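Report on the structure given below.
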Amino acid sequence: MHYLNQPFWLLLCWLLTHAFGVQAAEYRIYGSTNNIQALINNAEAGDRLVFSAGRYHVNLTVNKSLILTGDPDAILDGDNTGDVIRVRAPNVTIQGLRIENSGHDLTEMNAGIFVESVAENITIENNKFDGNGFGIWLRGCKSPKVLNNHVHGVPEVRSQDRGNGIHLSSVSQGIVKGNEIWETRDGIYIESSNNNTLEANVLHDLRYGIHYMYSHSNRVIGNHSRNTRTGFALMQSNHLTVLNNTSEQDRNYGILLNFITYSKIANNRIIGVQGGGGYATGGASILGAEGKAIFIYNSQFNVIHNNLFSSGDIGIHLTAGSEDNKIYGNSFNGNRVQVKYVANRSQDWVHEGRGNYWSDYLGWDLNADGIGDKQYEPNDAVDKLLWKYPMARVLMNSPAVETLRWVHEKFPVLKSQGVYDSAPLMLSPHKEGLSL
């Protein structure tokens, strides 16, 4: 078998196998050879190519429904040129390989694996990617499965000049599950792609963990981001289901909703989002930057419930007409500012008689029904004045500001519009809500 690196034996193996009508042949490849592409071209649908341990300098095009797999430490190396593997056939499986050093031309979309639109039902699983432009690029294909891969970028290159770990463009009915992605630009970038599931991925040391653009009716379930600039950046999309995700120690935003409508954001844990330095900014502080557990911009008709927003600079910030959302059953625990909202319309964050838990609520519950007897108001007129005119912060402890706070408290008729909770919860729905 060790002679299969010779052209004659590769051709003979193929001829003998298929001369007797045997399907799904297996080819084991040893050593570095220039004939792997020829073997692919001569193979039949269903055949299996197994790479033995070693480094193979290749730029392969898979044009048949094949299985490519390998022993531990089988490395396909693109020598920093083009794609390591380009897939142009349906029902291809690529598993158990190390895929390294594609080209780095982001305009040409150089990737460890580039999947074309004809490649329906591709499975990419249990591979390790390192040093590629993009890790995996899926373009216009249907029903791909990207499972349990490890995708590492090129940390020596600036974040904005790297490719994404897994990139979906015009993809439908795909599953991206169980992958770890780090030190690429964005972990998972999804554009113009509908009816996909992103589940149980671990995303760290990135610009954005998951980045959505113009993608509808997708599911984002049980993913975990940390040390990113934004954990989950969801933009210009509708009918998303965002459940059971975790953002820990991310910068700027845990969840960002930008032009998101008719979506469900529930059971997520957003902890410790703070502005300033970190991986995404090269460790340098950004003056005036604030970390927001959830930032909602021009997003309406969403349901946001049973989330934990804890230990951030700002728990929730709404702006640009972000109204008509149902916000209830959440825990706002220990954020420096619980709510930031300036608008001309009041919002009562209550649904069916239940509001949210606020760690700084000072009310009481005389009838012991679990609902505070006094409504919660997170902001006063001074807060809103300082948001509109940040330079006024120099007057924070002046007699004028203290007088304004006293007037606001004693004469509620002068109150400006804002958020309030007429049925605040006395206990957090989250175990962490009382302990963090």
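Annotations for the structure displayed:
- In terms of packing, defined here as the mean over residues of other Cβ atoms within 10 angstrom, the peptides 95-107, 180-192 line up highest first as 180-192, 95-107.
- When you count the other C-beta atoms within 10 angstrom of each residue and take the mean per peptide, 164-176, 114-126 line up highest first as 164-176, 114-126.
- Projected label distance in nm at R88 and R139, using a 7 Å step from Cα toward the beta-carbon: 1.2
- Under 15 Å, Cβ to Cβ, from D105 - net charge with Lys/Arg +1 and Asp/Glu -1: -1
- The Cβ shell under 15 Å around L243 holds other residues with a net charge of +3, Lys and Arg each +1, Asp and Glu each -1.
- The modelled label-to-label distance for the pair D105/V157, using points 7 Å beyond Cα in the direction of Cβ, is 1.3 nm.
- Placing dummy labels 7 Å off each Cα toward the beta-carbon, the span from D324 to R345 is 0.7 nm.
- By average C-beta atoms within 10 angstrom, highest first, the peptides 198-207, 131-140, 263-272: 131-140, 198-207, 263-272
- Here the stretch 163-304 is treated as a Stokes sphere of Kirkwood radius computed over C-alpha pairs; at 37 °C and 0.692 mPa s its diffusion coefficient rounds to 226 µm²/s.
- Label point 7 Å beyond Cα of F301 along Cβ direction - residues of the stretch 247-267 with amide nitrogen under 14 Å: 259-264
- Within-11-Å neighbourhood charge of D130 [Cβ basis; K, R +1; D, E -1]: -1
- When T61, T81 are compared by accessible area at a 1.4 angstrom probe, the order from most to least is T81, T61.
- Anisotropy class of the stretch 109-184 from Cα gyration tensor, a/c 1.5 cut: prolate
- Residue pairs, from the table K326/K374; K177/K340; K142/K340; K264/K340; K142/K326, whose Cα atoms sit over 32 Å apart: K177/K340; K142/K340; K142/K326
The values are calculated or read from the model by the stated rules, or taken from the named source; none is laboratory data. Note that the coordinates shown come from a computational prediction; the quantities given were computed from them, not determined experimentally. Quick reminder, even Gly has a Cβ in these numbers, built from the backbone with ideal geometry, and neighbours come from all protein chains shown. What goes into the accessible areas is simple: the full protein's heavy atoms, side chains included, and nothing from ligands, DNA or RNA. Shrake-Rupley method; radii C 1.70, N 1.55, O 1.52, S 1.80 Å.
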